[in-house]
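In what follows, a structure is listed as structure tokens, so that the remarks can point back to it.
The values are calculated or read from the model by the stated rules, or taken from the named source; none is laboratory data. None of the values given here were measured: they were computed from a predicted structure. FYI the Cβ positions are ideal-geometry reconstructions off the backbone, even for glycines, and counts take in every protein chain you see. Just so you know, the surface numbers come from the protein's heavy atoms only, side chains and all, with ligands and any DNA or RNA stripped out. Shrake-Rupley method; radii C 1.70, N 1.55, O 1.52, S 1.80 Å.
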Amino acid sequence: MTDAAPETRTLVLLRHAKAEQGSDAADDAERPLSARGEADAEAAGAWLAQHGLLPDVVICSTARRTRQTWHGVATGMTGSPPEGGPTGPRPTVRYEPGAYDAHPEELLALVRTVDPAARTALLIAHNPGISLLSALLAPEGVDEGLRTAELAVHRSSLGWGELGRAGAPITARHTARD
């Protein structure tokens, strides 16, 4: 008798798309995406769909640029805005204030709360935390950090609650500017 293979979980990390420059630190969370950022977010969603990486769960920072990034990704994945309903199962979307300006350990704590039944999760957050989380999960995988609208696909046979240092190697990366 052989043991069943462990189920693979896929964590997709996405740094928000290019945002307009803010006038001061007080309005940082409200900076909108630039036109290039909107296009790059949709391209990221199209890439996810082409590679069969539609998320079961989305964890998104509450900053305006990350919410707009998710909207663009959802549109790119499905060809319609998220409120119009994707073609296929609709992901559970969690807007998390704690993902804004978060350290990698704080982002990992959010990932560890993903429903165990979910196979693919998408985390949309900010640098430096999102790049540092990718480096924590796959120390050999990220050299310079994630660029705006860059995706890092991590895979692991561990459960969400068990993810930790060096526990999810990068299996793919994508940026709209490749």
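Where the convex hull is taken over the Cα atoms of the range 98-146, what is its projected area averaged over directions, in nm²? Intermediate values should be presented prior to the final figure.
Details: hull surface 13.9 nm².
Over every viewing direction, the Cα hull of the range 98-146 projects on average to 3.5 nm².
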Please report the relative contact order for the chain, taking Cα pairs under 8 Å with a sequence separation of at least 6, and give it as a percent rounded to a whole number. 31 percent
Each residue of the range 118-132 in order: what ³J(HN,Hα) in whole Hz does its phi give by Karplus 6.51 cos²θ - 1.76 cosθ + 1.60, θ = phi - 60°, with x for Gly and Pro? 5, 9, 10, 10, 10, 10, 10, 8, 10, 7, x, x, 5, 5, 5
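I need the Kirkwood Rh of the chain: take the reciprocal of the average 1/r across all distinct C-alpha pairs and report it in angstrom. Walk me through the numbers on the way to the answer.
Values: mean 1/r = 0.0622 Å⁻¹.
Answer for the chain: a Kirkwood hydrodynamic radius of 16.1 Å.
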By per-residue mean of other Cβ atoms within 10 Å, what is the highest-first order of 145-151, 113-119? 145-151, 113-119
Let me know the charge dipole size of the chain about its Cα centre in debye, to the nearest 20, where only the beta-carbon of Lys, Arg (+1) and Asp, Glu (-1) is charged. 300 debye
Sort the following peptides by mean Cβ neighbour count (other Cβ atoms within 10 Å, averaged over residues), highest first: 157-170, 35-48. 35-48, 157-170
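Cβ neighbours within 10 Å, averaged per peptide: list 94-104, 128-138 in order, most packed at the top.
128-138, 94-104
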For the range 23-75, what's the relative contact order in percent, using C-alpha pairs closer than 8 Å and at least 6 residues apart? 54 percent
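Give the carbon-plus-sulfur fraction of the accessible surface of the range 9-60 in %, rounded to a whole number; probe 1.4 Å, heavy atoms of protein chains only. Spell out each step's value before the answer.
Working: 1050 of 2260 Å².
Carbon and sulfur together cover 47 percent of it.
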Considering the options 138, 123, 174, tell which one lies farthest towards the positive end of the dipole of the chain, charges being +1 on Lys and Arg and -1 on Asp and Glu at the Cβ, about the Cα centre. 174
